[in-house]
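Asker: Sharing a structure here in structure tokens format.
The values are calculated or read from the model by the stated rules, or taken from the named source; none is laboratory data. The shown structure was predicted, so the numbers you read here are calculated from the model rather than taken from an experiment. Using ideal geometry, Cβ is built from the backbone for each residue, glycine included, and neighbour counts are taken over all protein chains shown.
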Amino acid sequence: MLSGKTAVITGASRGIGEAIAYKLASQGASIAVISSSGNADLEAVCEKCRCEFNVTAKAYRCDVSDFGDVKKTVAAIKADFGAVDILVNNAGITRDGLVAMMKEDDFDRVMEVNLKGAFNMIRHTAGMLMRSREGCIINITSVVGLTGNAGQCNYAASKAGLIGLTKSVAKELAPKGVRCNAIAPGFIETDMTKDLDNSPLIKMIPLGIPGQVEDVAEAAAFLAAAKYITGEVLRVDGGLAM
């Protein structure tokens, strides 16, 4: 159980981030959810956390790719909650295209949100995580960060970078009692992957079906409580990348 802990989840207005917020809230964690739009969907996530799980929950609008914006948002979270014990870096975007035709901005923006965004959040929460002495960072990467994928050189590079970031941060912060792990989802049914429902790639999944957001949330809850695991990449992919 996570009673007494505060969890920060980025990209939490829908999909995997939303499911993780509910799962951690169900285990008693206070919830701070972040999205770049700060829309009604994010407020609805907070309302469900408060009403169904009886925990404190608050929404924040923040562009995780903006170093200064993240600094201000983390300061606001500290003022509201007093501490951060769990950080889930889930915010991510795609701008797919073949490398020979990809625009520079499409490559840069994906790296800024997916990789630099995680760095920004870790950089500004590190002090609170270290003071927790049981701090936990969970970076949501992807199996394409392990295998690559045609048409997604920017996305795959950002997710591979997250794995390197995870392992480096794990080594740096372990002496301070902070664990850092990554989850590598495969084909998970979300708005981002809805166009893949009829993809022949589904046939490549040994278990034969796409995953659900709750599968990733279960993995996040496991890592949040697993006190002797750090620097690990946990695949939630139905065997796709084995």
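Asker: Find the helices (runs of 4 or more DSSP H) located wholly in the stretch 1-113 whose residues include 3 or more that are farther than 27 Å from V233 by Cβ, and list them. Before the answer, list the steps.
Answerer: Numbers: elements: 15-26, 40-53, 67-81, 104-111.
Once the helices (runs of 4 or more DSSP H) in the stretch 1-113 are filtered for at least 3 residues that are farther than 27 Å from V233 by Cβ, what remains is 40-53, 67-81.
Asker: Go through the stretch 57-67 and give me each residue that's under 20 Å from G82 (Cα atoms) and either aliphatic (A, V, I, L, M) or buried (at least 16 other Cβ atoms within 10 Å of the Cβ) (or both).
Answerer: From the stretch 57-67, those under 20 Å from G82 (Cα atoms) are 57-62; that's our starting set.
Matches in the stretch 57-67: A57, K58, A59, Y60, C62.
Asker: Same structure, new question: Name every residue in the stretch 24-41 that is at pLDDT 95 or above and crowded, with 19+ Cβ neighbours inside 10 Å, in order of residue number. Show your work before the answer.
Answerer: If we filter the stretch 24-41 for residues that are at pLDDT 95 or above, which is where we start, we get 24-35.
Result: L24, A25, A29, S30, I31, A32, V33, I34, S35.
Asker: May I ask you to list the residues in the stretch 116-157 that are closer than 14 Å to I183 by Cα and touching a residue at least 24 places away in the same chain (Cβ under 8 Å)?
Answerer: Within the stretch 116-157, A118, C136, I137, I138, N139, I140, T141, S142, V143, G145, L146 meet the criteria.
Asker: Please enumerate the residues belonging to the stretch 68-93 that are within 14 Å of V33 (Cβ to Cβ), under 18 Å from the mean Cα position of the chain (by Cα) and surrounded by fewer than 23 Cβ atoms within 10 Å (Cβ to Cβ). It would help to see each step written out before you state the result.
Answerer: In the first step, residues of the stretch 68-93 are kept if they are within 14 Å of V33 (Cβ to Cβ); the result is 73-74, 76-77, 80-81, 84, 86-91.
Those still in the list that are under 18 Å from the mean Cα position of the chain (by Cα) too: 73-74, 77, 84, 86-91.
Matches in the stretch 68-93: I77 only.
Asker: Could you tell me whether any residue of the stretch 199-212 is under 19 Å from the mean Cα position of the chain (by Cα) and under 22 Å from L115 (Cβ atoms)?
Answerer: Checking the stretch 199-212: not a single residue is under 19 Å from the mean Cα position of the chain (by Cα) and under 22 Å from L115 (Cβ atoms).
Asker: Can you name the residue in the stretch 160-187 that is without any contact (Cβ under 8 Å) to a residue 60 or more places away in the chain and of a type in the set (D, E, K, R) and is also surrounded by the most Cβ atoms within 10 Å (Cβ to Cβ) among such residues?
Answerer: Ranking the candidates gives R179 first.
Asker: Identify, from the list I122, I138, the residue that is surrounded by fewer than 23 Cβ atoms within 10 Å (Cβ to Cβ), under 30 Å from S3 (Cβ atoms), out of contact with any Pro (no Cβ under 9 Å at 6 or more places or on another chain) and among the β-branched types (V, I, T).
Answerer: Values: I138 fails: surrounded by fewer than 23 Cβ atoms within 10 Å (Cβ to Cβ).
None of the others qualify; the one that does is I122.
Asker: What tally of residues in the stretch 133-153 results from selecting those that are touching a Lys or Arg at 6+ places or on another chain (Cβ under 8 Å) and part of a helix (DSSP H, G or I)?
Answerer: Taking the stretch 133-153 as the starting set, the residues that turn out to be touching a Lys or Arg at 6+ places or on another chain (Cβ under 8 Å) are 133-137, 141-146.
After this cut, where a residue has to be part of a helix (DSSP H, G or I) as well, the list is 144-146.
Count: 3.
Asker: Next question. Confirm whether D63 is over 26 Å from M130 (Cβ atoms) and either of a type in the set (D, E, K, R) or at pLDDT 95 or above (or both).
Answerer: no
Asker: Within the bounds of the stretch 201-216, is there any residue that is closer than 27 Å to A100 by Cβ and touching a residue at least 40 places away in the same chain (Cβ under 8 Å)?
Answerer: no
Asker: List, please: which pairs have Cβ atoms under 6 Å, are six or more places apart or on different chains, and start with a residue in the stretch 15-39 that is without any contact (Cβ under 8 Å) to a residue 40 or more places away in the chain and under 18 Å from A226 (Cα atoms) and end with one that is among the aromatic types (F, W, Y) and part of a helix (DSSP H, G or I)?
Answerer: That search, which allows pairs on different chains as well, returns A25/F53; S26/F53.
Asker: Give the residues of the stretch 128-161 that are closer than 17 Å to A184 by Cα and of a type in the set (D, E, K, R), sorted by residue number. Outline the logic, then answer.
Answerer: If we filter the stretch 128-161 for residues that are closer than 17 Å to A184 by Cα, which is where we start, we get 136-149, 152-161.
The one that is closer than 17 Å to A184 by Cα and of a type in the set (D, E, K, R): K159.
Asker: Buried (at least 20 other Cβ atoms within 10 Å of the Cβ), more than 16 Å from V74 (Cβ to Cβ) and in contact with a strand residue (DSSP E or B) (Cβ under 8 Å, 6 or more places away or on another chain): is that true of A21 in this structure? Break it down stepwise before answering.
Answerer: On the way: buried (at least 20 other Cβ atoms within 10 Å of the Cβ): yes; more than 16 Å from V74 (Cβ to Cβ): yes; in contact with a strand residue (DSSP E or B) (Cβ under 8 Å, 6 or more places away or on another chain): yes.
In short, yes.
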